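Report on the following structure.
Derivation of every value follows stated rules applied to the coordinates shown; laboratory data play no part. If you're wondering where the values come from, they're calculated on a predicted model, not measured in any experiment. Note that each Cβ is placed from the backbone with ideal geometry, even for glycine, and that neighbours are counted across all protein chains shown.
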Amino acid sequence: MKHNNMLTGFLSITLIAVFAMSAKGQAFRKGSFDINLSEGSSYSTYTTNDVISGNKISSEHFTGCRDPLSIEYGISARWGIGLSSGLDLYTINPSSFYSCATSIHQVKSTSTDFTIDASYHIFITAKTDISLVGSFGGSSVSFKGTQSDYSYQYTANGGVLRLGVHARYYVLHHLGLLAMLSTFSTTNSPVGVKGNSGGPMYSTTIKGTSLEFGLCYRFKK
């Protein structure tokens, strides 16, 4: 009986040790803290509408440049929370979308967002971490331009919803490679914004898909 109790105790301690070592070696776990920096492209539909009448002004497909930065903290073995800040650049014709210029010249329209993220990690090994991520927060669209002696500007504020898949692969203990695929939708209105001289009552909606690659760094072993 004493021998059996000793054997049972030894097996229990061994299983606990194996579990602890396995958890410590996972690419993601409770207490993980990661920072992610990436760059990529957004394949989007850029649309403007008259806020008063609801009529569509213009809608076109664009490929934009995206540069996000995000952090994530593991609150359990599978769940994480985080913050993200991103910027998308689109080259547009302000005359077509906002009726604020008469020439065919183009400007850079900047779409920014800041979101709170929730992630569920569906596949975790010692080096690989794949998660489903949902993000919600605020967004803004703005641009400035000049034509002859006429200067114009536009700013609209709203919200963004983003759903995606993130994959990390750690080539070193702390440093890894990152890939992200997501779909998103932003709706921005100029109502209440002062100083707009281009399309002052035109809302801006951007919907599309983003593909990004970059680096990730985890601070905790």
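Multiply the residue gap between E60 and W79 by 0.36 nm, knock off their C-alpha separation, and tell me the result in nm, one decimal place.
3.1 nm
What nm value, rounded to one decimal, do you get for the distance between F114 and L132 when each label is placed 7 Å out toward the C-beta?
Result: 2.9 nm between the two label points.
By a straight-distance test (C-alpha under 19 Å), which aspartates and glutamates pair with K194 as possible cross-link partners, with residues fewer than eight away in the same chain excluded?
D50
What distance in nm lies between label points placed 7 Å from Cα along the C-beta direction at T125 and V51?
The modelled label-to-label distance comes out at 5.2 nm.
Taking 0.36 nm per intervening residue step and subtracting the Cα-Cα distance, what contour gain separates N93 from S197 on full extension?
35.9 nm
Helix-only mean residue ellipticity at 222 nm, the chain, DSSP H runs n ≥ 4 weighted -39,500 (n - 2.57), per residue, nearest 500. What is it?
-4000 deg cm²/dmol
Give the residues of segment 178-192 whose amide nitrogen is closer than 17 Å to a point set 7 Å from the Cα of Q153 in the direction of its Cβ.
190-192
Rounding to the nearest 20 debye, state how big the charge dipole of the chain is about its Cα centre with +1 on each Lys and Arg Cβ and -1 on each Asp and Glu Cβ.
In total the dipole reaches around 980 debye.
To one decimal place, what orientation-averaged projected area in nm² is obtained for the convex hull of the Cα set of segment 92-165?
So the mean shadow area of the Cα hull is 6.8 nm².
Cα convex hull of segment 57-140: mean projected area in nm², to one decimal?
Over all viewing directions, segment 57-140 projects a mean Cα-hull area of 7.2 nm².
Grab the eigenvalues of the alpha-carbon gyration tensor for segment 28-218, scale each by 5, take roots, and send me the semi-axes largest first in whole angstrom.
Three semi-axes, in Å: 37, 15, 13.
Could you work out how far helix 2-24 tilts from the main Cα principal axis of the chain, as a 0 to 90 degree angle to the nearest 10?
The two axes meet at around 20 degrees.
What distance in nm separates the simple spin-label points at V165 and D67, each placed 7 Å from Cα in the Cβ direction?
The modelled label-to-label distance comes out at 2.8 nm.
Could you give the length gained by full extension between T146 and H105, i.e. 0.36 nm per residue of separation minus their alpha carbon distance, to one decimal place?
Roughly 13.8 nm would be gained on extension.
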